[in-house]
Every structure is written in structure tokens, then in C-alpha cells.
């Protein structure tokens, strides 16, 4: 697929780098090609292309949003996604690792409000970047699971294909409103690892009888 990344920090780069290795075409969507994050990403993987935001969206099959949540409204509102899949990898984290929107609405639903003509899917947000860099757990014969939420089934199927390339099983948890609960899972992971010193190299799995 042709994949565009809005945001190419630790999360964005981990996803983009592994997907490029699987044969996907990666474009960094940024209006400043001299941005520190863009330059750093290109130094690590010179196969990435760079295009202005709207041009990158126009050329892409799927777009990833991997920015600090506080910047999302300003970035998204001027853009036209033309009915394309937008994967929301962001999280509204508030003071003391709380939900930044007071759990009244999910960040993904706000992303959908700001990117009105996108098909938003929430994914790649419940773990830190460490498990996006390397999803393998060689001591077990099960794959880690990546949870997805969204209103459009076809878009979620696209994410499932990308998950397979990244080494994850996929569990569809329902409509986009379910993203609120995924964001709470993120807070659990972040509190364990970033605040309480648990090592980051763990994920969830889905076991079914």
C-alpha cells in the first residue's frame, strides 16, 4: 500500500520503518521537509519520501496520524481526506496520566470531528513504541493482539492487513466510540511503564476457546 504518515516521531517511525521493510511505500506528510523529525527519520531510513501534507494524503491509500494529540485539531481541520482511511495512533493524555478529555469522549471521536471526510480507525495506541519496533515474543507460540475500533468495516480490514505485516493479530472491538476504552488501556500501560518502572516489553494477547 501507499502509506502517508502525519507525525514521524518514535511511534510513527517504528510503524513506518517496519512497514517499509514489508514492501509498503512510505511518505512522510509534512509541510517542512527540514523539520527535525523528518530529517531524523530520513537519516534512519532514506527510502522514505516527503511531500506536503495535502499532497501526501492525495497520493496515499491509508494515512497514519501519529502526532501529539494537542496538535491534532490545527493539523487536521484544513485537510481533505476524501473518504480515505485515517488511522488514529494518538492519545489525549492529561495531567498525572489522566484522560485528557475527562473520559467524556474519545480522542478518536474528536479526530473524526476534525477530519470530517476521513474514515477514522483507532489503532496502534495501546502500547509504547517499543512494541511497534519489535512485536516478536519468541518464548510464546501466540502473537500479540492489536485492538482496532472504527465505524467502517473496509477500513478496519485494511488495518488488519497492516497488522499482519507488523506481526500482530487483530481484534475488532467495535465502533469508534469504543476508542475511549482503548485510550484507558493506553493509560494503564503508560502508568505501569513510564510512571511505575515496569519494563516496556510486554503486550496483550487474545486467547479464545
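Read-outs: derived from the displayed coordinates by stated rules, not from any lab. Predicted model, so just to flag it, every value in this text is computed and none were measured. With ideal geometry, Cβ positions are generated from the backbone for all residues, glycine too; neighbour counts draw on all protein chains shown.
Taking the highest mean first, how do the peptides 113-123, 139-149, 33-43 order by number of other beta carbon atoms within 10 angstrom per residue? Write down the numbers at each step before the final one.
On the way: 113-123: 21.6, 139-149: 17.3, 33-43: 13.5.
Put in order of decreasing packing, that is 113-123, 139-149, 33-43.
When only Cα pairs under 8 Å and 6 or more residues apart are kept, what is the percent relative contact order across the chain?
19
Below 8 Å between Cα atoms, with a sequence gap of 6+, how large is the relative contact order for segment 99-209 in percent?
For segment 99-209, the relative contact order is 34 percent.
What list do you get for 64, 48 if you sort them by fewest beta carbons within 10 Å? Could the numbers behind the result be given before it?
On the way: 64 28, 48 19.
So the residues, fewest neighbours to most, are 48, 64.
Determine the percent antiparallel among the DSSP beta bridges restricted to the chain, to the nearest 5.
On the way: 4 of 27 bridges.
Percentage antiparallel, nearest 5: 15.
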